[in-house]
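This report refers to the structure that appears directly beneath it.
Quick note: the coordinates plus some simple rules give every number you see, no bench work behind them. Keep in mind that what you see is a predicted model, and the values were worked out from it rather than measured. Methodologically, a virtual Cβ is constructed for each residue, glycine included, from the backbone with ideal geometry; neighbour enumeration extends over all protein chains shown.
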Amino acid sequence: MSGSRTEAAIGPWMLRWRRFRRNRAGMAALLVLVALVLFVLAAFPMQIWGGMNADATDLFARFDPPDAAHWLGRDEAGRDVLLRLMVGGQISLLVGLLGTAVGGAFGVLIGICAGYFGGKIDALLMRFTDGMIALPLLPLVIVMGAIDLTKIGFSRDFAHSGAVGFWRIVVVIAIVDWTAIARLVRAATMALKERDFVRSARASGAGAGYTMASHILPNIATPVIVAFTLTVGRVILLESTLSFLGFGIVPPTPSWGNMLSNAQDMVINAPALAVYPGLLILITVIAVNFLGDGLQSAFDPRAER
Amino acid sequence: MSDLFSLDNVSVQFKVGRKILRAVDRVSLAIAEGETLALVGESGSGKSTLGNVVAGLQVPTEGTLAFKGRKLDRASWPVARRAIQIVFQDPFGALDPRMPVSDIIAEPLRIQGTANAAERAARAAELIEQVGLPVDALNRYPHEFSGGQRQRIAIARALAPRPQLIVADEPLSALDVSIQSQVLNLMKDLQAAHSLSYLFISHDLAVVNHLVDRIAVLYLGRLVEVGPRAELFAGPAHPYTRALLASVPRIGARRSRGRAIVGEMPSPLAPPPGCVFHPRCPLAQDICRTEVPMLAPLAARAGEAACHFRDQVA
């Protein structure tokens with residue numbers, strides 16, 4: 001008797017975690033991602049205590065092979081490749097996560113409001129979404145890149161700092177990458193809001209906010225999580241495209257994307273310079289997708305047994 | 001017995017394209033405290049819409065609602081809502097698949113903010129036993145239960161805020177016959193234990209016969225007959241009620257104890273003039289085609305019927 005009562009006290013998150021732990025691919029992906037995060041964070045002790053600098057050039061040591069001090073050798077300007085991969089990874093991962101989080105959250109918000117309230121609100125929000133879909137990516141990026149930030153109220157210091165390229169890219173990605181999630185969420189919300197469990201919550205006096213948070217969001221979690229993980233991978237790739245075009249993360253600040261595009265000129269002479277960032281992007285995207293699969297089954301109680 | 005919930009001249013209209021669909025047309029009805037009132041009719045008769053009106057899911061286009069004699073408006077709805085809960089037909093759609101049973105049962109308390117987490121857990125444990133499920137069911141998810149068990153969970157959920165009226169929208173029709181009687185008995189027991197009123201929406205007259213005190217018959221959104229169960233079953237006053245009773249299959253009885261109804265229910269988009277039942281009525285006269293019969297008390301027995309010949313046909 002008392003045993004069953006304590007079992008009843010286990011919360012839904014604990015149950016989800018238990019289910020997730022049983023998913024081997026998901027757990028492996030989680031471990032890989034944790035390892036990647038530790039890897040990119042290892043740049044800090046190397047910079048602080050090892051006295052290394054990712055931007056320090058040494059033109060007498062161009063394309064040096066790996067040695068005890070520089071495990072992965074040096075690039076075309078004699079910079080340490082390992083450290084640049086770590087620092088670049090910080091930026092790439094952060095762009096991937098922040099861009100997805102900001103854009104995805106916006107997409108979920110637009111989609112859930114359009115689907116739940118319907119009518120004129122739906123029409124308005126969806127026409128807005130259609131408009132965004134119709135905007136071509138590259139001209140938008142070029143226009144965004146040409147905006148003089150000091151004219152729209154940012155300080156001169158910020159506008160000329162290295163961080164501005166990072167924030168610009170996050171904003172651009174958030175602007176272009178929310179529409180697919182918004183449509184997905186809208187469709188799922190419309191189907192859910194007529195279900196009896198939503199109606200019985202309404203009959204008990206539940207407001208729109210409660211219904212969305214307690215019934216709609218948990219029930220659309222599965223497709224949204226999958227969409228998010230796919231987006232993270234795409235955003236990391238998009239970052240490399242944009243960096244290649246000279247927009248966003250500007251060298252010498254490294255990112256996996258610009259290291260990869262940088263290396264393509266030298267792919268015959270120094271293929272390793274392209275392989276390392278390419279491999280890291282590949283591993284990250286795959287791990288994120290497997291993590292998404294694991295989360296999907298953890299959130300779906302029916303996946304058990 | 002005083003009125004717990006009453007509807008006065010309630011209509012619900014939907015716009016379908018340019019036309020107006022009258023799902024419920026000028027219905028006046030009262031549910032007494034502790035009473036079980038059945039709402040019967042064919043599909044499309046507006047009985048679910050009327051149930052939604054009582055449960056607060058559908059705002060009537062016209063007419064007024066009153067709870068315990070107090071007219072319901074924006075200010076008084078939240079209070080009445082606590083006292084009125086709904087149980088749906090489909091036990092597979094009525095429970096959120098992503099919520100553990102403990103949260104589902106305690107949800108009305110959470111929405112209304114009347115109990116903290118510990119009180120809600122205690123109430124859920126108390127209710128799960130009342131509906132005859134083991135305590136460890138609380139920790140599980142809806143998909144682990146059968147239809148009958150789910151309906152028990154839905155009933156436990158409805159009981160959580162200690163309601164006075166439960167709208168049961170065909171709660172048995174999705175269940176196996178063997179399970180139906182179990183759930184039916186549970187509903188009866190709970191009624192006795194908690195002095196509940198039920199608005200029991202059904203198209204199954206055999207089930208209705210086991211549970212209810214009074215019956216209201218709905219046809220094309222209009223109330224055609226209201227009366228105590230025994231009297232109504234013994235001597236239906238409206239020809240539609242009679243046809244409905246005659247259509248109940250009985251084991252051992254010869255077929256066609258009366259004439260079953262012919263034809264289909266007309267579209268509520270274009271209801272016939274006069275009495276809405278006249279195109280299918282075996283007794284229809286000229287007056288039925290022009291004048292709408294009002295619901296009026298019967299001469300011979302308790303009850304009301306909306307028929308020009310209500311006192312002659314019995």
Please report the equivalent ellipsoid semi-axes of the protein assembly as shown, computed as sqrt(5 x eigenvalue) of the Cα gyration tensor, largest first, in whole Å.
67, 27, 20
Using Cα pairs under 8 angstrom and six or more residues apart, how large is the relative contact order of chain B, in percent?
20 percent
Give the calculated FRET efficiency between A:Arg156 and B:Asn116 to the nearest 0.05, with a Förster radius of 56 Å applied to their Cβ-Cβ distance.
0.60
Nearest 10 degrees, 0 to 90: what angle lies between the long axis of helix A:119-134 and the longest principal axis of chain A (Cα atoms)?
20 degrees
Return the FRET efficiency for the residue pair B:Leu269, B:Asp189: r is the Cβ-Cβ distance, R0 is 41 Å, and the value is rounded to the nearest 0.05.
0.45
Across B:107-113, the residue-averaged tally of Cβ atoms belonging to other chains within 10 Å stands at 5
On C-alpha positions alone, give me the angle between the axis of helix A:179-193 and the longest principal axis of chain A, in degrees, nearest 10.
20 degrees
Measure nothing fancy, just the Cα-based angle from helix A:24-41's long axis to the longest principal axis of chain A, in degrees from 0 to 90, nearest 10.
40 degrees
How are the Cα pair distances of chain B distributed, in percent, across 10 Å bins from 0?
6, 26, 32, 23, 10, 3, 0
Cα-Cα over 26 Å, subset of A:Lys193/B:Lys188; B:Lys19/B:Lys71; B:Lys19/B:Lys68; B:Lys68/B:Lys188; A:Lys120/A:Lys151:
A:Lys193/B:Lys188; B:Lys19/B:Lys71; B:Lys19/B:Lys68; A:Lys120/A:Lys151
Is the shape of the stretch B:53-207 rounded, prolate or oblate, going by the alpha carbon gyration tensor and its root eigenvalues a ≥ b ≥ c, with a/c under 1.5 for rounded and a/b larger than b/c for prolate?
oblate
Before rounding to the nearest 500, sum -39500 (n - 2.57) across all DSSP H runs of length at least 4 in chain A and divide by the residue total; then give [θ] at 222 nm in deg cm²/dmol.
-22500 deg cm²/dmol
Summing +1 for each Lys or Arg and -1 for each Asp or Glu, what net charge is found among the other residues whose Cβ lies under 12 Å from the Cβ of A:Ala114?
+3
Give me a single rounded figure for B:134-142: the average over its residues of other chain Cβ atoms within 10 Å of their Cβ.
5
Output the antiparallel fraction of DSSP beta bridges having both residues in the protein assembly as shown, as a percent to the nearest 5.
60 percent
Run the helix sum for chain B: -39,500 (n - 2.57) per DSSP H stretch of 4+ residues, divided by residue count, reported at 222 nm to the nearest 500 deg cm²/dmol.
-9000 deg cm²/dmol
Let a ≥ b ≥ c be the square roots of the eigenvalues of the Cα gyration tensor of chain A; is it rounded (a/c under 1.5), or, if not, prolate (a/b larger than b/c) or oblate?
oblate
Please list, by residue number, every one of the trypsin sites (Lys or Arg not before Pro) in the stretch B:1-77 that is coil in DSSP and has at most 10 other beta-carbon atoms within 10 Å.
B:Arg18, B:Arg74
Here the membrane-span-like helices of chain B, with no claim about any membrane, defined by DSSP H, Cα axial extent at least 15 Å and mean Kyte-Doolittle at least -0.5, are B:101-112, B:117-130, B:147-159, B:177-194
Per residue of A:201-211, count partner chain C-beta atoms within 10 Å of its C-beta, then hand back the mean as an integer.
6
Quickly rank A:198-208, B:215-225 as a protection proxy: mean count of other C-beta atoms within 10 Å, highest first.
B:215-225, A:198-208
Quick check: pseudo-label points 7 Å beyond the Cα along Cα→Cβ at A:Phe244 and A:Met14, how many nm apart are they?
5.0 nm
Can you tally the net charge around B:Tyr198? Count Lys and Arg as +1, Asp and Glu as -1, for every other residue whose Cβ sits under 12 Å from the Cβ of B:Tyr198.
-2
